[in-house]
Amino acid sequence: MLTVALTGGIGCGKSTVCQLFAARNVPVIDTDVIAHQIVKPGQPALKEIIDTFGKSILLENTTLNRKALAKEIFSSSKKRALLESILHPKIKHAVEQQLTTLQHAPYVIIAIPLLIETHQQSTYDRVLVIDCDEQLQRTRTLNRDNRNIQDINAIIEAQVPRQRRLSYADEVIENSHDIASLEDQVEQCHQRYLKLARTKNHHV
């Protein structure tokens with residue numbers, strides 16, 4: 001089985017690309033989804049986050065206030081590292097568990113927004129970067145999220161620079177155009193990965 005790590009900056013369209021791969025019956029493991037699951041009330045990770053950051057990062061219904069936590073961690077690299085030390089080992093374990101159940105698939109997409117930041121790029125066979133220019137990132141995120149431009153800029157600043165992310169890419173999907181262009185690029189990657197998977201499986 002070929003493993004493809006999909007990454008990209010905020011607002012680059014990672015979720016849309018994941019949906020297009022899923023539409024081709026490719027298994028997609030989304031670490032954002034895992035991250036949401038492991039911080040639900042009653043989960044050990046949430047208790048660790050409360051112990052570390054205090055109860056001010058909870059909503060009244062005792063669920064995690066993501067915006068409050070984001071504000072906290074994007075203002076301090078030390079706090080961000082603390083949160084990552086709680087979440088990332090648990091996320092990685094969950095990804096490994098899911099991969100063991102998908103051995104039959106020719107290839108699997110693992111969506112990891114902070115792939116380069118967490119130095120996981122060498123863990124997977126391929127790195128697929130979803131890319132667009134920073135102005136488009138800001139516009140899309142403003143339209144999608146209820147965040148102000150300062151918060152969005154802080155998130156972009158906290159992520160690795162665009163050129164550095166691209167330097168690790170085996171494949172790049174350029175998402176600045178229409179959905180038809182995106183479809184074409186996903187299809188090209190899909191065919192390429194199927195071919196690479198056949199070669200890999202043949203050598204195993």
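A few comments on the model shown:
- Listed peptides 127-137, 147-157 by packing density, highest first (mean Cβ within 10 Å): 127-137, 147-157
- Packing-based order for 5-18, 100-113, using average beta carbon neighbours within 10 Å, highest first: 5-18, 100-113
- Listed peptides 31-42, 52-63 by packing density, highest first (mean Cβ within 10 Å): 31-42, 52-63
- The relative contact order of the stretch 35-101 comes to 29 percent, based on Cα pairs under 8 Å that sit 6 or more residues apart.
- Helical content of the chain, expressed as a calculated mean residue ellipticity at 222 nm, amounts to -17000 deg cm²/dmol (DSSP H runs of 4 or more residues, -39,500 (n - 2.57) each, divided by residue number, nearest 500).
- Backbone amide hydrogens, once placed in the peptide plane, bring I29 within less than 5 Å of I109, I110, A111, excluding anything fewer than 5 places away on its chain.
- DSSP assigns beta bridges within the chain; of those with both partners inside it, close to 5 percent run antiparallel.
- Within a straight-line Cα-Cα reach of under 23 Å, K78 can be paired with the following lysines, leaving aside sequence neighbours fewer than 8 residues apart in one chain: K47, K55, K67, K90, K92.
- The chain, relative contact order in percent, only Cα pairs under 8 angstrom and at least six apart counted: 38
No lab work stands behind these numbers, since they all come straight from the coordinates. Predicted model only: the values in this text are computed from it and were never measured. Please note: Cβ atoms are built from the backbone with ideal geometry, for glycine as well, and neighbour counts cover all protein chains shown.
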